[in-house]
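First comes the structure, then the notes that go with it.
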Amino acid sequence: MNILILGSGGREHALAWAVKQNPKCDRLIVAPGNAGIAQIAECAHFDILDAGVVVNFAEENAVEFVIVGPEAPLAAGVADRLREAGILTFGPSGAAAQLEASKCFTKEICDAAAAPTAAYGHFTDEQAALDYVRANGAPIVIKADGLAAGKGVIVAMTEAEAIAAVKDMFGGAFGGAGAEVVIEEFMDGEEASLFVLCDGTEALSMGTAQDHKRVGDGDTGPNTGGMGAYSPAPVLDARVEQKAMDEIIRPTLQEMARRGTPYQGVLYAGLMIRDGQPRLVEYNVRFGDPECQVLMMRLGAQVLDLLQAAASGQLGEAQVNWADDHALTVVLAAQGYPGSYEKDSIINGLGDCPEDSFNMVFHAGTSGQDGHITATGGRVLNVTARGASLSQARERAYAMVDRIDWPEGFCRRDIGWRALR
Ligand code: AMP
Ligand code: GLY
């Protein structure tokens, strides 16, 4: 089977690594890919947001299955156009991708599905939004409606902060995304993520994970795209997971199908868990990055069969073969991230890291230049390991981190602390 993966991050490297292990995979192309992906797949360069270009490339290269990594091509309708062209595609339609692209849309779906989530108000008028903040007080959460690259959410611990955030959003701080604002009740608890494969009707859990969003040890400093992750997340135990599937995920899928926009792909539910009760924080319509890396490490070659089953409406017969294992990934980022950082520094020592089914360094922002691997992004490497226990996975991951020679990079030293405390 000829397979095309769209994307260029650690998520796509991990997907490619897992898919490639499946004997069904003949030719593997990743667009645009990165230096790590180039070691295991062909990299192709074209505009992955242009559906016409993607369809042409897939047809010219006899691609039989497309896996869409990031949300932007999904929201742009790339999966719709591929399916119209008769190409099996993993990823939701542009209409179903609204679950990530619009916070208002997701709140309406939750209302219709009676899924537990934060109480909220939806505003297109600054004065009404300010009145709502003053009536409800802090802590309170202010969200720009559209995709804002993870920066459109302000968790305001004081009323003054909340008022400033509302004024910023209506003042255009987030561009078009701020013209509509959702204001939510602050939910207390522990956050974890549930990844569910969906084929339009059926849902199958692909595992749980916990991310580390803050840049510094002890969860300090500014928010990032994620500095490390591990799977499974103990707070999302089997009972909480079942509750989330029954009360949140399945009712959402039913509501999406009822509206004529069935959801196919992976549904990534960010959950706030308190006293064993999960509530929905947000949906994403893709795998998390770096959460995908730990899921792929645990699942390996079967991932291709599972994604294909979801894409072809056959999840009812599929099952996940779990090993009783744990995986953990440490993100190496360029010094300065999530602020400004230097590019093109050289990374050495990668050849000293083992690469097997227990240890992998997935690449995110890297490129290959003159025989060197150089850093080209903020988040650069995802040092990932698997073990019989989380502490074993963590020891293996940090042992690899210590072999990597990259003075311009840094990482958190406490990934996994919540589960190991
Ligand atoms: P989102 O982009 O909706 O995931 O929000 C980003 C982060 O803000 C989440 O991962 C949570 O840590 C936090 N957050 C969002 N909504 C709430 C809420 N209603 N209560 C508490 N924290 C929230
Ligand atoms: N790591 C968080 C995300 O992928 O959205």
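What residue, among those in region 259-273 that are farther than 11 Å from L197 by Cα and out of contact with any helix residue (DSSP H, G or I) (no Cβ under 7 Å at 6 or more places or on another chain), is surrounded by the fewest Cβ atoms within 10 Å (Cβ to Cβ)? Of everything passing the filter in region 259-273, G260 is surrounded by the fewest Cβ atoms within 10 Å (Cβ to Cβ).
Cβ separations smaller than 8 Å between residues 6+ apart or across chains give the following pairs from region 49-65 residues that are farther than 16 Å from A76 by Cα to residues that are among the β-branched types (V, I, T) and part of a strand (DSSP E or B): A58/V66; N61/I29; V63/I3; V63/I29; E64/I3; F65/I3; F65/T89. What do you reckon, is M206 open to solvent by less than 50 Å² (accessible area, probe 1.4 Å), in contact with a Leu (Cβ under 9 Å, 6 or more places away or on another chain), away from ligand 1 (no atom under 14 Å from the Cβ) and assigned to a strand (DSSP E or B)? In short, yes.
Just so you know, in region 209-230 the residues that are within 15 Å of ligand 2 (Cβ to nearest atom), over 16 Å from N284 (Cβ atoms) and not basic (K, R) include one that is surrounded by the fewest Cβ atoms within 10 Å (Cβ to Cβ), and it is P222.
A323 satisfies every condition listed in (1) modelled with pLDDT of 95 or more; (2) of a type in the set (A, V, I, L, M); (3) out of contact with any helix residue (DSSP H, G or I) (no Cβ under 6 Å at 6 or more places or on another chain) except (1).
If a residue counts only when it is of a type in the set (V, I, T), which strands (runs of 3 or more DSSP E) contained entirely in region 340-384 have at least 2 such residues?
Ranges flagged: 372-375.
Among the residues of region 4-13, some residue qualifies, meaning at least one is small (G, A, S), closer than 24 Å to G77 by Cα, open to solvent by less than 10 Å² (accessible area, probe 1.4 Å) and touching a residue at least 12 places away in the same chain (Cβ under 8 Å). Restricting region 95-124 to residues that are touching a Phe, Trp or Tyr at 6+ places or on another chain (Cβ under 8 Å) and in a loop (DSSP other than H, G, I, E, B) leaves a set whose member that is farthest from A75 (Cα to Cα) is A118. Restricting attention to region 66-94, the residues being in contact (Cβ under 8 Å) with a residue 24 or more places away in the chain and part of a loop (DSSP other than H, G, I, E, B) number 9. So which residues in region 282-317 are within 11 Å of ligand 2 (Cβ to nearest atom) and either surrounded by fewer than 17 Cβ atoms within 10 Å (Cβ to Cβ) or closer than 24 Å to I109 by Cα (or both)? Matches in region 282-317: E282, Y283, N284, V285, R286, F287, G288. Which of (1) in contact with a Phe, Trp or Tyr (Cβ under 9 Å, 6 or more places away or on another chain); (2) surrounded by fewer than 19 Cβ atoms within 10 Å (Cβ to Cβ) is the odd one out, the single condition V330 does not satisfy? Here V330 meets the rest and fails (2).
The values are calculated or read from the model by the stated rules, or taken from the named source; none is laboratory data. Note that the structure is a prediction, hence the values are computed from the model and not measured. When we count neighbours, we look across all protein chains shown, and the Cβ atoms used for this are built from the backbone with ideal geometry, even at glycine. Each accessible area value is taken on the protein alone, full model and side chains, heavy atoms only, with ligands, DNA and RNA left out. Shrake-Rupley method; radii C 1.70, N 1.55, O 1.52, S 1.80 Å.
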